[in-house]
Amino acid sequence: MSARITIRPATPNDADTFLGLVDQLADYEKLDRPSPEARGRLVADAFGPRQRISVFLGELDGTAVSYAIVLETYSSFLALPTLYLEDLFVLPDARRHGIGGAFFRFLAGEAVRRGCGRMEWVVLDWNELAIGFYDKLGARRMTEWYTYRLNAEQLQEIAGAAS
């Protein structure tokens, strides 16, 4: 018998489950878990009055084993929003049950529902399992764009120079 897969929007009652899955992703990527302050911001940004992110949970037989965080960016050339996938994580023991594919079908539908012209995400270069999954989906690896980042300290420096 195959496992029953459910993908659904997270609610404020799911905050602890969501944070537990974020911790599991940090462990998987060998990163520090979010600080108590960051955990508070995650909950506020997902479920507070000024929602900055949308969180979805993936369940196998009623147990949350995965999550995704999405937000919208905007394409000036398409003049349409882009659904940006910040995180998609499936607990290692829950993999190979079809939840990743189910999540992508759900998120593709979410992008369509929101009127998005595309969906984008990044993947770590060492994550061969995810890269293989995305390649099987038919997703195109972008080679003409480089990801750049400024951290909070650099933002303060640059913003201060503009004053």
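Things to note:
Residues are listed down the side, and each one gets a yes or a no for (1) exposed (fewer than 12 other Cβ atoms within 10 Å of the Cβ); (2) out of contact with any Phe, Trp or Tyr (no Cβ under 8 Å at 6 or more places or on another chain); (3) under 19 Å from Trp121 (Cβ atoms); (4) modelled with pLDDT of 95 or more:
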{"residue": "Thr6", "(1), (2), (3), (4)": "no, yes, no, yes"}
{"residue": "Ala10", "(1), (2), (3), (4)": "no, no, yes, yes"}
{"residue": "Asp16", "(1), (2), (3), (4)": "yes, yes, no, yes"}
{"residue": "Pro34", "(1), (2), (3), (4)": "no, yes, no, yes"}
{"residue": "Gly40", "(1), (2), (3), (4)": "no, yes, no, yes"}
{"residue": "Gln51", "(1), (2), (3), (4)": "no, yes, no, yes"}
{"residue": "Gly58", "(1), (2), (3), (4)": "no, no, yes, yes"}
{"residue": "Leu71", "(1), (2), (3), (4)": "no, no, yes, yes"}
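- Taking the listed residues Leu137, Leu78, Leu60, the one that is more than 25 Å from Ala3 (Cβ to Cβ) and out of contact with any Pro (no Cβ under 7 Å at 6 or more places or on another chain) is Leu78, with no other qualifying.
- Here Ala26, Ala108 are screened, and the one residue that is in a helix (DSSP H, G or I) and open to solvent by 40 Å² or more (accessible area, probe 1.4 Å) is Ala108.
- Here is the figure for segment 123-144: residues that are open to solvent by 90 Å² or more (accessible area, probe 1.4 Å), within 24 Å of Leu25 (Cβ to Cβ) and out of contact with any Phe, Trp or Tyr (no Cβ under 9 Å at 6 or more places or on another chain) total 4.
- Scanning segment 92-120 for residues that are basic (Lys, Arg) and in contact (Cβ under 8 Å) with a residue 40 or more places away in the chain yields Arg114, Arg118.
- Any hit, segment 12-23, residues being on the phi < 0 side of the Ramachandran plot and not in a helix (DSSP H, G or I): no
The values are calculated or read from the model by the stated rules, or taken from the named source; none is laboratory data. This is a predicted model, so every value here is computed, not measured. Backbone-built Cβ (ideal geometry, glycine too); neighbour counts: all protein chains shown. Only protein heavy atoms, including side chains, enter the accessible area calculation; ligands, DNA and RNA are left aside. Shrake-Rupley method; radii C 1.70, N 1.55, O 1.52, S 1.80 Å.
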